[in-house]
Amino acid sequence: MDIGVDLGTANMVVSANHKGIILSEPSVVAYHRYKKEVIAVGTEAYNMIGRTPDYITIVRPLADGVISDDGMAEVMIKALILRVLGNQPIRPRTVLCIPSFITDIESRAVIEAAIGAGARKVYLIQEPIAAMLGANIDISLPKGHMVVDIGGGTTDIAVVSLNGIVVSHSITTAGNKLDMSILKYISNRYKMLIGERTAEKIKKQMANAYNPGVTKRMKVGGKNLYTSMPQSIEISELDVHLAIEEHLAEIIEAIRYVFEQTPPELVRDIYDSGIILTGGGALLGNLDRLISSETGLKCKIAGNAVTCVANGTAIVYDKMEELLDGFEYIPVHKYQ
């Protein structure tokens, strides 16, 4: 079996060649400190967030798109890949998706985690290339395309032409930072503490990046910071926009920076084809309208934005001979 892994800060998505997405679970591990063992991985561990006793630690092995805890990352990858393979005695070829700015040391951590999980061969592909392939964009032509891939830990922006990345830029402003900004805003303005999962739910249901109003409202429950008693408030779209507007400005500025570095001929191509949004962050309310308004260009959300990168990692097996840039085969024996 050939599999592709989108090792995201928020979610790990596994796809198989010609089979599509076969697993998608949160990148979370629950660790029992007394027993010194992992007790849950993925969705089961995610459901424990904010509800665990002191001796159970919730670990996110990836931060800002790269592995921050090697041991937990290997456990998580191995557990989720074994769910995919079942009892098959097969060591799969594995394509791992990495941010375009990743260092050699961070790459090695990703590769070793995959090998520890049982990979027979390991390939690395940069996120912008995988996102373009997953969005069914023909990148083999001498024509420029721009992709903005907004994940949980990083936002990757790249201009792609002739199967390679011409210009790329990554920032750590992405979904998780938006969640934390919402959490801090409610704490500062309403003196109420909410959890990470509640902040994420608010972002998904109430975020409006373009022309927010005050009529759409949502009831939110949490803990009063002064009395420590349960409390409920109502927030509006405008509240959420004020919480995240600084980060939205950072994404717009990063897009402008990439345009500054892009050759004029490719800028003209992008003017004709527009900007493509992928990743879970692409679904943020009216983000495409905001980017279009700020850049003066067409902006469209990929049809399968959330799973775009994962789909691209599976498609890559059919295009190995063409992708000479942004794609690399790693001999496993180097790390054994």
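In the set Ala63, Ala109, Ala130, which member is in contact (Cβ under 8 Å) with a residue 12 or more places away in the chain and touching a Cys at 6+ places or on another chain (Cβ under 6 Å)? Exactly one residue qualifies, and that residue is Ala130. If you go through the range 18-51 and keep only what is open to solvent by 30 Å² or more (accessible area, probe 1.4 Å), assigned to a loop (DSSP other than H, G, I, E, B) and polar (S, T, N, Q), you end up with just Asn47. Flag: Val95 matches the condition of being in contact with a Gly (Cβ under 6 Å, 6 or more places away or on another chain) and buried (at least 22 other Cβ atoms within 10 Å of the Cβ). Against the criterion of being at pLDDT below 85 and out of contact with any Asp or Glu (no Cβ under 6 Å at 6 or more places or on another chain), Arg60 does not qualify. Quick check on the range 127-139: of everything there that is under 17 Å from Ile21 (Cβ atoms) and part of a loop (DSSP other than H, G, I, E, B), which residue is most open to solvent (accessible area, probe 1.4 Å)? So, considering only residues that are under 17 Å from Ile21 (Cβ atoms) and part of a loop (DSSP other than H, G, I, E, B), the one most open to solvent (accessible area, probe 1.4 Å) is Asn136. Among the criteria (1) farther than 28 Å from Leu23 by Cα; (2) at pLDDT 90 or above, the one Leu283 does not fulfil is (1).
Return a yes/no flag: does the range 161-175 have any residue that is touching a helix residue (DSSP H, G or I) at 6+ places or on another chain (Cβ under 8 Å), in a helix (DSSP H, G or I), of a type outside the set (Lys, Arg) and buried (at least 24 other Cβ atoms within 10 Å of the Cβ). So far as the range 161-175 goes, yes, one or more of its residues are touching a helix residue (DSSP H, G or I) at 6+ places or on another chain (Cβ under 8 Å), in a helix (DSSP H, G or I), of a type outside the set (Lys, Arg) and buried (at least 24 other Cβ atoms within 10 Å of the Cβ). Among residues of the range 140-156 that are under 17 Å from Thr295 (Cα atoms) and in a loop (DSSP other than H, G, I, E, B), those with a beta-carbon under 8 Å from a residue that is acidic (Asp, Glu) and modelled with pLDDT of 90 or more at least six positions away or on a different chain give the pairs Gly144/Glu265; Gly144/Asp269. Meeting the requirement of 3 or more residues that are under 29 Å from Cys308 (Cβ atoms), of a type in the set (Val, Ile, Thr) and open to solvent by 50 Å² or more (accessible area, probe 1.4 Å), no strands (runs of 3 or more DSSP E) wholly within the range 180-289 can be named. Inclusion of Lys143 among residues that are closer than 15 Å to Glu245 by Cα and either open to solvent by 30 Å² or more (accessible area, probe 1.4 Å) or touching a Phe, Trp or Tyr at 6+ places or on another chain (Cβ under 8 Å) (or both) is not warranted.
The values are calculated or read from the model by the stated rules, or taken from the named source; none is laboratory data. Model, not experiment: these values are computed from the prediction. Using ideal geometry, Cβ is built from the backbone for each residue, glycine included, and neighbour counts are taken over all protein chains shown. Please note that ligands, DNA and RNA were not included when accessible areas were found on the heavy atoms of the full protein model with its side chains. Shrake-Rupley method; radii C 1.70, N 1.55, O 1.52, S 1.80 Å.
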